[in-house]
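Note sheet for the following structure.
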Amino acid sequence: MSRKKGLKNKSGTASPSTGTPSGKEGGRIGKALVPGVQASGVVHPSRPALSNSSEFYDIAFKVMLVGDSGVGKTCLLVRFKDGAFLAGSFISTVGIDFRNKVLDIDGVKVKLQIWDTAGQERFRSVTHAYYRDAHALLLLYDVTNKASFNNIQAWLTEIHEYAQKDVVVMLLGNKADSTQERVVKREDGEKLAKEFGVPFMETSARSGLNVELSFTAIAKELKHRSMKGPDEPKFQLQAYVNQEMRTAGCCRT
Ligand SMILES: Nc1nc2c(ncn2[C@@H]2O[C@H](COP(=O)(O)OP(=O)(O)OP(=O)(O)O)[C@@H](O)[C@H]2O)c(=O)[nH]1
Ligand SMILES: [Mg+2]
């Protein structure tokens, strides 16, 4: 298929607006650096790093992981990016981190630049600076932590305040593997998501349940939005997710 030439910048380097050093796969931005990092719209393709062919892509989007501290944002990202689970002691994210991953969505190379935010209250102002340029937000709670679920409404209020009006939001109930410790029922998550009109699914960074699917669904939605013709119908995100989960017999890794 033909590549979208229009998206490539002239120099072939990463747009400074992305805040991502050229050819860099991921990194951490400390609090002090944040005010200088501004990003806007679709990320422009950068010159592919020689060591990493996965940098070739057609379109790119920014996705942010948000939610209370300890819900599993970092673990979800590591599971998606590296296919591994970060077991052991909990190391809370400081500031903000990012990782890139290129997905093949119906023949189109879609790069997701995924920003892993710190859930701790003291980093909230850092996170706010990034909302504006996010194309999608994965909002997590922990099914074993009622407070993280109760805080979802506050997170959505914050999202509406700081993010773009048309940002794609998906609610994820993480740690679905923890059956013994579970305190939030799947139906409660579904109900809340319905109330706020956002798609929902349960995930597990430990087992891998629905991890790939959550990012793929977001990538599909964003790709569809940016490439669809005016007469084409909207991509039905929740219907796609439901269909995929049915096909996989509920538990997809
Ligand atoms: N059982 C289980 N534990 C998980 C899962 N995901 C994360 N954890 C554990 O939950 C703890 C917190 O995970 P993190 O990914 O660091 O949490 P976070 O949301 O990034 O936290 P902050 O960086 O402070 O915002 C760690 O001890 C993980 O091992 C999961 O899917 N299942
Ligand atoms: Mg973290």
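The values are calculated or read from the model by the stated rules, or taken from the named source; none is laboratory data. Small disclaimer: the values here were computed from a predicted structure and weren't measured. With ideal geometry, Cβ positions are generated from the backbone for all residues, glycine too; neighbour counts draw on all protein chains shown.
Pull out all pairs, ordered by first then second residue, where Cβ-Cβ is under 6 Å, the residues are six or more apart or on different chains, the first lies in region 128-151 and is within 21 Å of ALA217 (Cβ to Cβ), and the second is within 16 Å of ligand 2 (Cβ to nearest atom) and part of a loop (DSSP other than H, G, I, E, B).
Every condition considered, the pairs that remain are LEU140/VAL71; TYR141/VAL71; ASP142/VAL71; ASP142/LYS175; VAL143/LYS175.
Just a yes or no: is a residue in region 19-29 at pLDDT 95 or above, surrounded by fewer than 20 Cβ atoms within 10 Å (Cβ to Cβ) and within 16 Å of ligand 1 (Cβ to nearest atom)?
Within region 19-29, not a single residue is at pLDDT 95 or above, surrounded by fewer than 20 Cβ atoms within 10 Å (Cβ to Cβ) and within 16 Å of ligand 1 (Cβ to nearest atom).
Go through the residues of region 80-102 one by one and say whether even a single one is within 13 Å of ligand 2 (Cβ to nearest atom) and in contact with a Cys (Cβ under 8 Å, 6 or more places away or on another chain).
Yes; the residues of region 80-102 include at least one that is within 13 Å of ligand 2 (Cβ to nearest atom) and in contact with a Cys (Cβ under 8 Å, 6 or more places away or on another chain).
Do you know which residues across region 185-212 are in contact with a helix residue (DSSP H, G or I) (Cβ under 7 Å, 6 or more places away or on another chain), part of a loop (DSSP other than H, G, I, E, B) and surrounded by fewer than 22 Cβ atoms within 10 Å (Cβ to Cβ)?
GLY208
Please count how many residues of region 88-126 are farther than 21 Å from GLU158 by Cβ, surrounded by fewer than 17 Cβ atoms within 10 Å (Cβ to Cβ) and in contact (Cβ under 8 Å) with a residue 60 or more places away in the chain.
So the answer is 2.
Hey, among the residues in region 116-136 that are within 16 Å of ligand 2 (Cβ to nearest atom) and in contact with a helix residue (DSSP H, G or I) (Cβ under 6 Å, 6 or more places away or on another chain), which one's nearest to GLU55 (Cα to Cα)?
Only one residue tops the list, namely ASP116.
Do the conditions hold for PHE61, that is, is it more than 9 Å from ligand 2 (Cβ to nearest atom), closer than 15 Å to LYS111 by Cα, surrounded by 23 or more Cβ atoms within 10 Å (Cβ to Cβ) and among the aromatic types (Phe, Trp, Tyr)?
Spelling it out, PHE61 is indeed more than 9 Å from ligand 2 (Cβ to nearest atom), closer than 15 Å to LYS111 by Cα, surrounded by 23 or more Cβ atoms within 10 Å (Cβ to Cβ) and among the aromatic types (Phe, Trp, Tyr).
Would you check if there is a residue in region 213-232 being touching a Lys or Arg at 6+ places or on another chain (Cβ under 6 Å) and either assigned to a helix (DSSP H, G or I) or farther than 25 Å from HIS128 by Cβ (or both)?
yes
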